[in-house]
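The values are calculated or read from the model by the stated rules, or taken from the named source; none is laboratory data. Since this is a predicted model, take the numbers as computed values, not measurements. Virtual Cβ from ideal backbone geometry, glycine too; neighbours counted across all protein chains shown. When the accessible area is computed, the model is the full protein with side chains, heavy atoms only, and any ligands, DNA or RNA have been set aside. Shrake-Rupley method; radii C 1.70, N 1.55, O 1.52, S 1.80 Å.
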Amino acid sequence: MNWQGSKQYDAINFSEVAPSHRESVMMAIEQCLQGILQDLRDNKPPSLAYTNRRDWKNVRYTMEIGLQLTIDATKSVCSLASSKSVPKFAAMMKILSIIYQLVQKDTYCTKRDIYYQDVNLFGSQKLVDDCLDNLSCMLQWPRWDLHVMATSKGCIAGNLQFTDVDGSVVDCASTNTGILVPSRVQDITGIRSKASFVLIVEKDASFQKLLDSEMLLKIPDAIIITVIYCLLFNFTFFF
């Protein structure tokens, strides 16, 4: 089922106007909850079904996109019918509730924030991460559209300018310490650069040492970025 289009669902009586991303995400969650309520009405154990990401038979490779899930991918089911699935089912329902509130209020949080909202329920950060990935597959929306960000930060400096989400123009060449990479990189516009190469460094200390050595004055067509527990998606968006 594809929740990302303008398709309307009669069960929840939405208008014919194409919904925004936030409305579509909320609709997907509401549709999921309606399925659980229907299970209860039918005296069936409630369950959540999501694509089995661990089965390579569910994945194909294309030159344009890379790895992507197949249309007829097999599903994994988390159901209250199994006592072993109860903790995971409870965790996924809790995270669904958190996501719905985040999207509804148009606010964001990190995966770590979610874990600390109910440490006793989740037990570990790994469970939260796994549940988020499963919910993303189930709802067919990427994690950043669920208003959940990674717990990472990264800095960038060099021959790059962009317009941030608040409309301010950011010049990454006019910094002695680096510019913090925004989490919502998809809201960035007006990206401009004449850089001929990008240097990725792992450590903050190495990043700062390069800036202190005035590397960017000597090589003005360079961009330096630092990655600290950070998904490279945040940086590849720029390039």
query: Is at least one residue of the range 20-33 over 19 Å from Leu135 (Cβ atoms) and at pLDDT below 95?
result: yes
- prompt: Within the range 163-180, how many residues turn out to be touching a Phe, Trp or Tyr at 6+ places or on another chain (Cβ under 7 Å) and aliphatic (A, V, I, L, M)?
  reply: 1
field: Flag if Ser124 is small (Gly, Ala, Ser) and under 12 Å from the mean Cα position of the chain (by Cα)
entry: no
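This table checks each residue for (1) part of a helix (DSSP H, G or I); (2) under 24 Å from the mean Cα position of the chain (by Cα).
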position: Met26; (1), (2): yes, yes
position: Cys32; (1), (2): yes, yes
position: Ile36; (1), (2): yes, no
position: Asp39; (1), (2): yes, no
position: Asn43; (1), (2): no, no
position: Leu48; (1), (2): no, yes
position: Arg53; (1), (2): no, yes
The range 44-94, residues that are of a type outside the set (S, T, N, Q), out of contact with any strand residue (DSSP E or B) (no Cβ under 7 Å at 6 or more places or on another chain) and at pLDDT below 80: Arg53, Arg54, Asp55, Trp56, Lys57, Met63, Glu64, Ile65, Gly66, Ile71, Asp72
statement: Across (1) in contact with a helix residue (DSSP H, G or I) (Cβ under 6 Å, 6 or more places away or on another chain); (2) not in a strand (DSSP E or B), Ser85 clears everything bar (1)
- request: Output the number of residues of the range 88-115 satisfying the condition of being open to solvent by 30 Å² or more (accessible area, probe 1.4 Å) and either assigned to a strand (DSSP E or B) or closer than 17 Å to Trp141 by Cα (or both).
  value: 10
task: Kindly list the number of the only condition in (1) farther than 30 Å from Met215 by Cβ; (2) open to solvent by 20 Å² or more (accessible area, probe 1.4 Å) that fails for Asn134.
output: (2)
task: Kindly check whether there is at least one residue in the range 116-130 that is over 20 Å from Gly190 (Cβ atoms) and crowded, with 20+ Cβ neighbours inside 10 Å.
output: yes
- prompt: Can you name every residue in the range 35-52 that is of a type outside the set (A, V, I, L, M) and farther than 20 Å from Cys131 by Cβ?
  reply: Gln38, Arg41, Asp42, Asn43, Lys44
